[in-house]
Ligand SMILES: NC(=O)c1ccc[n+]([C@@H]2O[C@H](COP(=O)([O-])OP(=O)(O)OC[C@H]3O[C@@H](n4cnc5c(N)ncnc54)[C@H](O)[C@@H]3O)[C@@H](O)[C@H]2O)c1
Ligand SMILES: CC(C)[C@H](N)C(=O)O
């Protein structure tokens, strides 16, 4: 059953590519969520991704206690298609048209395959965009804040497992050394953690060398004998089979939609592996962007909200333990309580981020 408020699927009039915008909920406020520009075997796979990712954004904002709703945009690129600069600009303008058609009920930001410069191009057509470069009035790259937020979640888990928030001397395996993963790996290395890392892109080995980290292949790393596994690449990495092979005590990472199927959260719990829901561990970037650009709080206040992810995870782990739940159930109940407590009309216009 479709539980989204509105889903639009366009063939971009300039690019002729499938542009999908999914607004899951505006109950807490106008929806926000990133634009994923990624290759899919079929555009319907992009639709599935948009539906799941937008629902996760609703939970992300609800648990963070922010008055925003969940949405996501996906451009489903056919396998093998590389965009030259002109076609990329065309597709971004097509996305901007689709966003504009939502009349403010959805604002976009960066996600996998897009960044602040792309947001600047979208901003040529619609003001409902965040994370544009600072010289254009945006809050810029979200990934350092996402990395800080994941670090905050890791501290809460470390305190639970080892009695200290410090990650010095802990072993962590970081899967994916992209914008968030590499930034997080640097923060962890600076704190004295022992790192094992991977990426499908062999060029990322230079980051491993720079950080004195052990390099493993993407297939090997998931079963690495480490304290904490940190998924920082794409979704659906935690399958039933992989959970049986894990040798870590916790899984905490920024990758969106880590569970291949929802029951995997229970399997992790039965194996006594703490899993912090990705919509909590990955929320730092959007907390910073939305707080500064849409809610106009100071940078210091926004950073404090990102650091508060540590308290949120502490509370979720406490609740889960007290109620005999998984952290995922505790987070889901918290989100549902906050969603039920409000009733906003569908499609309330978003404030412009300009
Ligand atoms: N950028 C943000 O602020 C932000 C915020 C919230 C959540 N996230 C999520 O975090 C994840 C990473 O985002 P990002 O912005 O760093 O993206 P990115 O595209 O910069 O990095 C992703 C990295 O993962 C690698 N990768 C892809 N498949 C892999 C695999 N199977 N094994 C190992 N490595 C693989 C890619 O080569 C790339 O280096 C995504 O799931 C994204 O949705 C990002
Ligand atoms: C920056 C933000 C929209 C990010 N892509 C997220 O999933 O939270």
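Here, each number is a calculation from the coordinates, and none is a lab measurement. Bear in mind that the values here come from a model prediction, so they are computed numbers and not experimental data. In this analysis, Cβ positions are derived from the backbone assuming ideal geometry, glycine residues included, and neighbour counts consider all displayed protein chains.
Binning at 10 Å from 0, report for segment 134-231 what percent of all alpha-carbon pair distances ends up in each bin.
All Cα pairs, binned at 10 Å, distribute as 16, 48, 27, 8, 1 percent.
By per-residue mean of other Cβ atoms within 10 Å, what is the highest-first order of 25-38, 297-310, 94-107? Write down the numbers at each step before the final one.
Numbers: 25-38: 25.2, 297-310: 16.9, 94-107: 22.1.
The peptides rank, most packed first, as 25-38, 94-107, 297-310.
Kindly express, to the nearest 10 degrees and within the range 0 to 90, the angle between helix 143-162's C-alpha long axis and the longest C-alpha principal axis of the chain.
Helix 143-162 and the main axis of the chain meet at about 30 degrees.
Treating the angle as unsigned and between 0 and 90°, give the value, to the nearest 10°, between the Cα long axis of helix 85-100 and the longest Cα principal axis of the chain.
In the chain, helix 85-100 runs at an angle near 80 degrees to the longest axis.
In whole Å, how far is the Cα centre of segment 158-198 from that of segment 130-149?
Cα centroid of segment 158-198 versus Cα centroid of segment 130-149: 22 Å apart.
Using Cα springs under 10 Å in a Gaussian network model of the chain, which residue among 57, 336, 119 shows the largest mean-square fluctuation?
The residue with the greatest mean-square fluctuation here is 336.
If you line up the Cα atoms of segment 73-126 on their principal axes, what length do they span on each, largest first, in Å?
33, 18, 17
Taking each pair of different alpha-carbon atoms in the chain once, compute 1/r for the pair, average those values, and report the inverse of that mean as the Kirkwood hydrodynamic radius in Å to one decimal.
Radius from the Kirkwood sum: 20.2 Å.
Take the Cα pairs of segment 6-136, get the Kirkwood Rh, then feed it into Stokes-Einstein at 25 °C and 0.890 mPa s and tell me D in µm²/s.
Values: Rh = 14.3 Å.
For the chosen part, D equals 172 µm²/s.
Please arrange 334, 92 by how many other C-beta atoms lie within 10 Å of their C-beta, fewest to most.
Details: 334 19, 92 28.
Taking fewest neighbouring Cβ atoms as first place, the list is 334, 92.
Antiparallel DSSP bridges in segment 6-136: what percent, to the nearest 5? Spell out each step's value before the answer.
Working: 12 of 26 bridges.
Percent antiparallel among DSSP bridges in segment 6-136 is about 45.
Relative to the first principal axis of the alpha-carbon coordinates of the chain, what is the inclination of helix 43-64, with its axis defined by its Cα atoms, in degrees from 0 to 90 and to the nearest 10?
70 degrees
To the nearest Å, what is the center-to-center distance of segment 264-334 and segment 44-80, using C-alpha atoms only?
Centre-to-centre distance over Cα atoms comes out at 17 Å.
Roughly what would the spin-label model give for residue 236 and residue 166, points 7 Å off Cα along C-beta, in nm?
For the pair residue 236/residue 166, the computed spacing is 4.2 nm.
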